[in-house]
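Following: one structure in structure tokens, then a few remarks.
All of the numbers you see were taken from the coordinates with simple rules; none came from a lab. Please read these numbers as outputs of a predicted model, since none were measured by experiment. Heads up, the Cβs are rebuilt from the backbone with ideal geometry, glycines too, and the neighbour counts pull from every protein chain shown.
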């Protein structure tokens, strides 16, 4: 099954907000030029992370995940594809799926996929199998 990811504005906003809060905390704790410089760097890092991870704007952003059995392959925005076995430390809940694939962790939120696709990805992340219909149910 192939999961085509869409940009997530909600995730981008959360990333930028978290970095802005961290920048504000640094500016409060470390006054002066050094604090301002670090705060600006944190804010810039938040914008870059949102562009790469949530808005899928970079060449190395993950655009699609293809799963078959317990194996996965990842397609990047630049067209590069690579096979990746999922790591053991997956985090799955109704708000997100964090999948360690190919040396990086991919965060997928519900607005990056359709409702049914997100559910199928959650099931695959938990159990290593895609949801299906039993043969007896098909004949009914």
For region 69-79, how many residues meet the condition of being loosely packed, with under 13 Cβ neighbours inside 10 Å and touching a residue at least 12 places away in the same chain (Cβ under 8 Å)? 4
Please pick out the residue among 31, 7 that is at negative phi, in contact with a helix residue (DSSP H, G or I) (Cβ under 9 Å, 6 or more places away or on another chain) and in a loop (DSSP other than H, G, I, E, B). 7
